[in-house]
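Notes to accompany the following structure.
The values are calculated or read from the model by the stated rules, or taken from the named source; none is laboratory data. The structure displayed is predicted, hence computed values, not measured ones. Ideal geometry is used to build each Cβ from the backbone, glycine not excepted, and the neighbour counts take in all protein chains shown.
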Amino acid sequence: MKRIFCLMLVIAAVSLFGGYSSVGGDGDPPHTAAAQIKFPAVVGESFFEHEPEHFVVANENFSNLQLAEIDKPVYDKYEVLEREAKGLSLNLPEIEPYRAEKVAYLTFDDGPDDKVTPTILDILKAEGVHATFFVLGSMVEQNPNVLKRIFNEGHAIGNHSYNHVYSELYRSPWDFADQFIKTDEIIKETIGVRPLIIRAPGGTAGVFNNDYWAMVDSCGYAEYDWNASTEDATASVPNASRQVDNIIKQLKDYQPNTLIILMHSKAGKEETAKALPVLIDLLRNKGYKFGVVTPMTPQPW
Ligand SMILES: [Zn+2]
């Protein structure tokens, strides 16, 4: 049922931008339950009653996303389709991007797995650094407790699709949105809230046309690519020191205030975990603080 709503929503939304034909709406669930939703739901197998301190929950019209802190994650207590059904805003407002100082955003894609991701979490905890994990719905299903740990330790969680299969994701904007909405649902079932930030598998360059951007906007997602990479996903499989060298090379001539670094946290990325403490040291020495990706994060281009 939800998937049907999803397709109705996205078809209608894309028709505003891309010339697809809209279909007539029906089947909206009654809105009477909206006021009964008690914030929040189950988180980490316990209930919490008050506004949490280590993350921000978006309000109904997204007007509380201009943050004072750069390392406080943002989540939503409503999924896209719940917002649509309740008539709540799905448009992220203009948010002043954070550009005040040099901030490095460590991002880890394709997890969570049950080996490399916990190792990375141990290192981040020891270093007192928060990072951003763009997770796959299929991996969250396999390792829900690792997702809970990411969440409970104050890192940001982003949505990176359900299965990362390009031929399915990039068949159409609807297929793309369907995977992200499905993954939101899995994440929310696991931690009680869902992300607003997403990352398109492979990045948007070359695969996103205006229809995909319209779809992302109509769902209220903030999409983030990257502007630096340890290149841990290249065919050469660089070891830890080469991964650090890759970042040194990329920062040699230009050190952007917004540095979004692409890495991966899944089986086979043990060298990425090994590189991490050295990388954190390097970035600190270059004057970077560490932030997590939120809709306030400037785009990296
Ligand atoms: Zn990926």
> Applying the selection to the stretch 191-208, what residues are in contact with a strand residue (DSSP E or B) (Cβ under 9 Å, 6 or more places away or on another chain) and either within 13 Å of the ligand (Cβ to nearest atom) or not in a strand (DSSP E or B) (or both)?
Replying inline: Ile191, Gly192, Val193, Leu196, Ile198, Arg199, Ala200, Pro201, Gly203, Thr204, Phe208
>> Return the residues of the stretch 266-301 that are over 18 Å from Glu101 (Cβ atoms) and part of a helix (DSSP H, G or I); say none if nothing qualifies.
In response: Glu270, Glu271, Thr272, Ala273, Lys274, Ala275, Leu276, Pro277, Val278, Leu279, Asp281
> Would it be correct to say that Ser241 is closer than 25 Å to His164 by Cα, away from the ligand (no atom under 13 Å from the Cβ), among the small types (Gly, Ala, Ser) and out of contact with any Ser or Thr (no Cβ under 8 Å at 6 or more places or on another chain)?
Replying inline: no
> Looking at the stretch 209-224, which of the residues that are more than 13 Å from Leu169 (Cα to Cα) and of a type in the set (Phe, Trp, Tyr) is nearest to the ligand (Cβ to nearest atom)?
Replying inline: Tyr224
>> Considering only residues that are without any contact (Cβ under 8 Å) to a residue 60 or more places away in the chain, more than 19 Å from Glu79 (Cα to Cα) and surrounded by 23 or more Cβ atoms within 10 Å (Cβ to Cβ), which ones fall in the stretch 123-163?
In response: Val146, Ile150
>> Restricting to the stretch 136-159, name every residue that is under 23 Å from Leu283 (Cβ atoms) and under 15 Å from the mean Cα position of the chain (by Cα).
In response: Ile150, Gly154, His155, Ala156, Ile157, Gly158
> Out of all the residues in the stretch 157-189, which are out of contact with any Gly (no Cβ under 8 Å at 6 or more places or on another chain), small (Gly, Ala, Ser) and within 16 Å of the ligand (Cβ to nearest atom)?
Replying inline: Gly158, Ser167
> Of all the residues that make up the stretch 103-119, how many are over 15 Å from the mean Cα position of the chain (by Cα) and within 15 Å of the ligand (Cβ to nearest atom)?
Replying inline: 3
> Residues of the stretch 181-200 being without any contact (Cβ under 8 Å) to a residue 60 or more places away in the chain and over 19 Å from Val146 (Cα atoms), which ones?
Replying inline: Ala200
>> For the stretch 206-248: of the residues being modelled with pLDDT under 95 and of a type in the set (Gly, Ala, Ser), which is nearest to Pro97 (Cα to Cα)?
In response: Gly206
>> Report every pair of residues separated by at least 6 positions or lying on different chains whose Cβ atoms are under 9 Å apart, first residue within the stretch 260-283 and within 16 Å of the ligand (Cβ to nearest atom), second among the aromatic types (Phe, Trp, Tyr) and part of a loop (DSSP other than H, G, I, E, B).
In response: Ile260/Tyr224; Ile260/Trp226; Ile261/Trp226; Leu262/Trp226
> Could you say whether any residue in the stretch 86-102 is away from the ligand (no atom under 16 Å from the Cβ), surrounded by 22 or more Cβ atoms within 10 Å (Cβ to Cβ) and not aliphatic (A, V, I, L, M)?
Replying inline: no
> What are the residue pairs meeting all of these: first residue in the stretch 207-227, first residue of a type in the set (Asp, Glu), second residue part of a loop (DSSP other than H, G, I, E, B), Cβ atoms under 6 Å, and 6 or more apart or on different chains?
Replying inline: Asp225/Gly203; Asp225/Thr204
